[in-house]
Amino acid sequence: MTEAIEVRGLRKDYDGIQAVRGIDFTVARGETFGFLGPNGAGKSTTIGMLCTLVTPTDGSARVAGHDVVRERAEVRRSIGLVFQDTTLDGYLSAEQNLRFHAELYGVPRSALGPRMDRVLDMVNLTERRRGKVMTFSGGMKRRLEIARGLLHSPRVLFLDEPTVGLDPQTRSSIWAYIGELKRTEDITIFMTTHYMDEAEYCDRIAIIDHGTVVAIDTPAALKAAVGEDRVRFTADDNGAALTALRDRFGLEGTVSEGQLTFSVPAGEEFVPKLFDGLGVPIRSVSVSRPSLDDVFMAYTGKTIRDAEAGTRGAGADRMRAMAARGRRR
């Protein structure tokens, strides 16, 4: 098997609303695959279908070689899933949380001890294995959840916003552990994130918007496709500046986070022309090379921060609801 995930024409409708609109993509075995999209784009619904928590309306998907509809039990045994928010039992120790998970997944008792030692060592929690989870920091809890997701030796690990809410140093540490995981385990990682710097760790990225995959490629190739420099500036009157930008330079801009943004070749050379010809006082200006945020804006018309503002955690709530329904089946 060369493909860890195969998706063909996958669709999900809710009361006449198309949440996912016939998407197609594959994830190679051993790949780290990033899934990016604004709130309501179909990101959580897609993951729910791949993890057998949501039944597709149409199309097909195979995870670790198993059909997500006809072979649900086999899919579930083949995957690990780490939710955005913690689902650990704070009153239990780290080891007790792992043992409970092992019982649910039928990990043989003869294999449990060595496997538990391995995953705890991998996330540097061996010395805290008997500590109650309620005493752990946010980063320690996230590391324990990753260890739990690996305990039953999944072939595909799904990470839903794996470092959300963590400080930059802890985020960096989590990615160091994920890197170690990729070096020591034969595993495919499918992750969502709204941190653009984290998306750079992915081998490939898919951007989903309005239920459709609008772009899929390596981070480098996606940035190269944008091509032009990004110029961001603030003016005394942003509305008037936006109109002047279009009328005087023939450029379409957007307003995001209180700044105007537009793309142009050789941005640094264009800035003097902007000051001379805009006709609206400019307060500040900056020029940057294409980034993944530029890619995201190019395909969705908004920055990832705007897309996630005020809605962070909504996808995680849906995923937990999906998981609860799945366990009852």
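The values are calculated or read from the model by the stated rules, or taken from the named source; none is laboratory data. What you are looking at is a predicted structure, and each value in this text was computed from that prediction instead of being measured. So basically every Cβ, Gly included, is an ideal-geometry build from the backbone, and we count neighbours across all protein chains shown.
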Of those in the stretch 179-207 that are touching a Leu at 6+ places or on another chain (Cβ under 9 Å) and free of Cβ contacts under 8 Å to residues at least 60 places away in the same chain, the residue nearest to Leu144 (Cα to Cα) is Leu181
So, Thr26, is that one assigned to a strand (DSSP E or B) and in the same structural domain as Arg183 (by TED's automatic domain parsing) or not?
yes
Please go through (1) of a type outside the set (A, V, I, L, M); (2) more than 30 Å from Met297 (Cβ to Cβ); (3) assigned to a loop (DSSP other than H, G, I, E, B) for Arg148 and return the number of the only condition it doesn't satisfy.
(3)
Condition met for Leu157 (in contact (Cβ under 8 Å) with a residue 12 or more places away in the chain and over 26 Å from Phe25 (Cβ atoms))
no
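This table checks each residue for (1) buried (at least 21 other Cβ atoms within 10 Å of the Cβ); (2) closer than 20 Å to Gln84 by Cα.
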{"position": "Val107", "(1), (2)": "no, no"}
{"position": "Asp117", "(1), (2)": "no, no"}
{"position": "Asn124", "(1), (2)": "no, no"}
{"position": "Arg129", "(1), (2)": "no, no"}
{"position": "Phe136", "(1), (2)": "no, yes"}
{"position": "Arg143", "(1), (2)": "yes, yes"}
{"position": "Ser153", "(1), (2)": "no, no"}
{"position": "Gln169", "(1), (2)": "no, yes"}
{"position": "Phe190", "(1), (2)": "yes, yes"}
Among the residues of the stretch 1-25, what is the count of those that are among the polar types (S, T, N, Q) and without any contact (Cβ under 8 Å) to a residue 40 or more places away in the chain?
1
Among (1) of a type outside the set (Gly, Ala, Ser); (2) in contact with an Asp or Glu (Cβ under 7 Å, 6 or more places away or on another chain); (3) on the phi > 0 side of the Ramachandran plot - the single one His210 does not satisfy
(2)
Sole residue being of a type in the set (Asp, Glu) and within 26 Å of Val75 (Cβ to Cβ), chosen from Glu127, Glu161
Glu161
Which ranges mark the helices (runs of 4 or more DSSP H) fully within the stretch 35-111 that have 2 or more residues being in contact (Cβ under 8 Å) with a residue 24 or more places away in the chain, within 15 Å of the chain's Cα centre (by Cα) and within 22 Å of Thr126 (Cα to Cα)?
none
Subset of the stretch 278-305, residues out of contact with any Phe, Trp or Tyr (no Cβ under 7 Å at 6 or more places or on another chain) and more than 23 Å from Pro219 (Cβ to Cβ), comes to Leu278, Gly279, Val280, Pro281, Arg283
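So that you can scan it fast, the table gives a plain yes or no per residue for (1) of a type outside the set (Asp, Glu); (2) outside the structural domain of Asp85 (by TED's automatic domain parsing); (3) at pLDDT 80 or above:
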residue	(1), (2), (3)
Ser256	yes, yes, yes
Ala266	yes, yes, yes
Phe270	yes, yes, yes
Lys273	yes, yes, yes
Gly277	yes, yes, yes
Arg283	yes, yes, yes
Tyr299	yes, yes, yes
Thr303	yes, yes, no
Arg320	yes, no, no
Would you pick out the residues in the stretch 156-200 that are touching a Lys or Arg at 6+ places or on another chain (Cβ under 8 Å), at pLDDT 80 or above and in a helix (DSSP H, G or I)?
Glu198
